[in-house]
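J.: Mind having a look at this structure? Questions to follow.
The values are calculated or read from the model by the stated rules, or taken from the named source; none is laboratory data. Since the model is a prediction, treat every value here as computed from it, not as a measurement. We place every Cβ from the backbone using ideal geometry, glycine too, and count neighbours over all the protein chains shown.
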Amino acid sequence: MTPVIQTLSQFLGVMFAERIAKQRAKAQPIESETYAKAAVEKAIADEAARLVVADEAFIRRAAEAHIADVVRKYDNREAIAVAAHEDLLKLPPPEGTPPPDEDWLNAFGARAELASSERLRTLWAKVLAGEMREPGSFSLGTLRCISELDPKVAAAFEALAPYAMRRVIPWIGSVTATPFRDVLAMDHAGLLTASDLECHVTLDADGDGHFAGRGSTLVIEGAPGARVAFPIKAVSQFGDELLSVIGVPTSLDTLRGVAARLSKARLTRVSAVGQGLDADGSTVIQLWAKEDDGPPPEGS
C-alpha cells in the first residue's frame, strides 16, 4: 500500500481504491436506496432491542436521522478523497515524505466532512493534497478558519490572489478599488489586516534586494544599503496558507506596479524573475532600469 493510499484510507475509515472514483461516477441510486433502507431497518431493530423501547416510531425517526447524517458526511469525505487523489496523481509527494500527523488528519476530517458544496469540497481536497505533499503546510487554526469562512468573504479574498506576494498584498493600482467593507470583512475573518502598512526592502552589501512573490521574485538592484518601500496590506498565516491552495501566481502587472512605486534615487534596475512570467514564457523581465527614460507607469 502506498503512503498516499494509506493516508486516504485512514481519512475515509475504509480502504481507498481508484475504483471508488469510477463507482461514484456511475452512481446507482436504486441500489443505494435499497441498501440505505435495509441499514435503517437494522439500526431500528438493534436500538429498540438495546433500549427496550416500545415507541418504535421514535426509534425509527432517530435512526433515519442518524443514518442520513452518517451517509452525508461519508459522501463528503469520499468526494474529497477522490479529488485529493486526482490532485496527487498530477503532482505526487516527494519520495520519502512522511504522512500527515494523525491528530491533524482527525481534525481535518471532522471539519471537512461537513462540506457539501462542490466549492468547499474542492478546497478541502486541495488542502489535504497539499498537506500530504508537505506535512505541516496547514495549521489547525487554518482548518478552523476555513470551516468558518463565509463564501462571500472567500470570493473577495480569492479576487485579490493575483495581487498577493508572500504574506503581503501590495496596495497599489486597481487593487485599491476593493470596497472597504470587503477589506473589513477579510480583516474580521483573519485573512489580512485592514490597516495601511509599508513593506521595506534594504539592499545588501552587493546592492541586491529581493522580495518574493507567488511563483516569481522582484529583484531590486542599486546602491548597497539603499532602502525602498511600498504600501501593503499584511496577509495572515491563514491567508497565506489559503493563497497557496488557491494557487494563483503573482501577476506581472502587480510586479510592474510595485516597481513603479519604488523611489529610484539609489536604484539601477528592477526586474521580475520566475517561470512563465508572460505569454512568451519569459523567466526574466526588466521592469525598470536607470538608463531608461523613466519608470513604467504606475499600475501598468
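J.: Could you say whether any residue in segment 202-224 is in contact with a helix residue (DSSP H, G or I) (Cβ under 6 Å, 6 or more places away or on another chain) and either touching a residue at least 12 places away in the same chain (Cβ under 8 Å) or on the phi < 0 side of the Ramachandran plot (or both)?
T.: Yes: segment 202-224 contains one or more residues that are in contact with a helix residue (DSSP H, G or I) (Cβ under 6 Å, 6 or more places away or on another chain) and either touching a residue at least 12 places away in the same chain (Cβ under 8 Å) or on the phi < 0 side of the Ramachandran plot (or both).
J.: Considering only segment 107-133, how many residues are at pLDDT below 95 and either of a type in the set (S, T, Y) or farther than 21 Å from A154 by Cα (or both)?
T.: The qualifying residues number 3.
J.: Next up: When you scan segment 90-154 for helices (runs of 4 or more DSSP H) that lie fully inside it, which ones turn up with 1 or more residues that are aromatic (F, W, Y)?
T.: Correct list: 102-112, 118-133.
J.: Taking segment 108-128, which residues are within 13 Å of H85 (Cα to Cα) and either over 14 Å from the mean Cα position of the chain (by Cα) or in contact (Cβ under 8 Å) with a residue 60 or more places away in the chain (or both)?
T.: Within segment 108-128, K126, V127, L128 qualify.
J.: Looking at (1) crowded, with 20+ Cβ neighbours inside 10 Å; (2) farther than 24 Å from V273 by Cβ; (3) hydrophobic (A, V, I, L, M, F, W, C); (4) outside the structural domain of G13 (by TED's automatic domain parsing), which is the one condition that is false for L184?
T.: (1)
J.: Further question: Out of segment 155-174, which residues are part of a helix (DSSP H, G or I) and touching a residue at least 24 places away in the same chain (Cβ under 8 Å)?
T.: Once the filter is applied, which keeps residues that are part of a helix (DSSP H, G or I) and touching a residue at least 24 places away in the same chain (Cβ under 8 Å), segment 155-174 yields A156, F157, E158, A161, P162, Y163, G173, S174.
J.: In this structure, does G225 turn out to be surrounded by 15 or more Cβ atoms within 10 Å (Cβ to Cβ) and either within 30 Å of E134 (Cα to Cα) or more than 25 Å from the chain's Cα centre (by Cα) (or both)?
T.: Details: surrounded by 15 or more Cβ atoms within 10 Å (Cβ to Cβ): no; either within 30 Å of E134 (Cα to Cα) or more than 25 Å from the chain's Cα centre (by Cα) (or both): yes.
The answer is no for G225.
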